[in-house]
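Bear in mind these aren't lab numbers, they're just calculated from the coordinates by the rules spelled out. Just so we're clear, the structure is a prediction, and the values are computed from it rather than from any experiment. All Cβ positions, glycine included, derive from the backbone under ideal geometry; neighbour counts span all protein chains shown.
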Amino acid sequence: MGLLRLLEHDPGAFVALSICLVFSLCFHEFSHSLAALLLGDDTSYRLKRTNINPLNHLDPMGTMMILFVGFGWAKPVPVNPYNLKNPTRDMMKIALAGPASNLLLAFLALFISNLFSINSYYPDIFNNVIIKFYIINLALATFNLLPITPLDGSQIFNPIISRYNKKIGIFLNTYGSQILLGLILFGIFTGYSILWKIILPIISFIDSIFSFIINIII
């Protein structure tokens with residue numbers, strides 16, 4: 001289920017997926033850090049998180065989980081809300097920066113892929129890697145937008161949810177981590193991913209929008 005299993009059967013795909021995933025995770029965290037810096041908090045900047053150096057972003061346990069289980073994480077970007085002018089609003093912006101950066105990477109990847117498809121000079125392997133990169137970034141963005149603690153979506157949507165139903169907001173903040181862990185473990189042990197069933201329609205919707213825009217451009 002992890003990347004190591006792929007290494008046994010297709011080393012080339014293992015290398016390509018690893019590079020795509022590491023870059024996407026690091027760019028995601030870099031974007032959080034950059035947004036925080038632009039909004040007045042230099043906490044993560046002083047910790048050298050405003051770059052895409054994997055050594056500054058990858059979490060040892062999260063990386064091991066990716067290799068052996070197929071699911072993992074990078075180190076969260078620390079933010080001091082007291083350095084922000086409007087903590088609630090600015091924290092939402094900082095949280096949104098991560099998924100937004102993955103959507104940007106995904107759009108650029110699909111754009112490049114379409115350029116490759118109309119130019120036979122480029123080998124298929126390049127296009128295959130770009131498509132993998134595209135799917136990874138769409139999945140990262142969509143997954144992180146779920147309003148479940150500790151995902152970015154909890155910082156973005158839970159303040160809004162709490163305005164209309166405080167009980168649901170409190171429930172998601174309190175039990176979000178347990179719900180997420182339960183869904184992940186259920187998928188690992190049963191082979192049926194509820195999380196994937198949730199995010200797949202969203203991925204398909206975003207993909208259709210991106211494809212529509214690119215068909216207009218090209």
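Here are some notes:
- Test for F205: is it among the aromatic types (F, W, Y) and under 19 Å from the mean Cα position of the chain (by Cα): yes
- Residue ID - nearest to the chain's Cα centre (by Cα), chosen from residues in the range 138-191 that are surrounded by 14 or more Cβ atoms within 10 Å (Cβ to Cβ) and of a type in the set (S, T, Y): T142
- Screening the candidates I135, I214 for the property of being more than 15 Å from the chain's Cα centre (by Cα), surrounded by 13 or more Cβ atoms within 10 Å (Cβ to Cβ) and either part of a helix (DSSP H, G or I) or without any contact (Cβ under 8 Å) to a residue 12 or more places away in the chain (or both) yields one hit, I214.
- Among the residues of this structure, A100 does not count as one that is touching a helix residue (DSSP H, G or I) at 6+ places or on another chain (Cβ under 6 Å) and either assigned to a helix (DSSP H, G or I) or of a type in the set (S, T, N, Q) (or both).
- Some residue of the range 36-51 being under 26 Å from I184 (Cβ atoms), over 16 Å from the mean Cα position of the chain (by Cα), in contact (Cβ under 8 Å) with a residue 12 or more places away in the chain and surrounded by fewer than 18 Cβ atoms within 10 Å (Cβ to Cβ): no
- Any hit, the range 170-181, residues being farther than 22 Å from M92 by Cβ and among the hydrophobic types (A, V, I, L, M, F, W, C): yes
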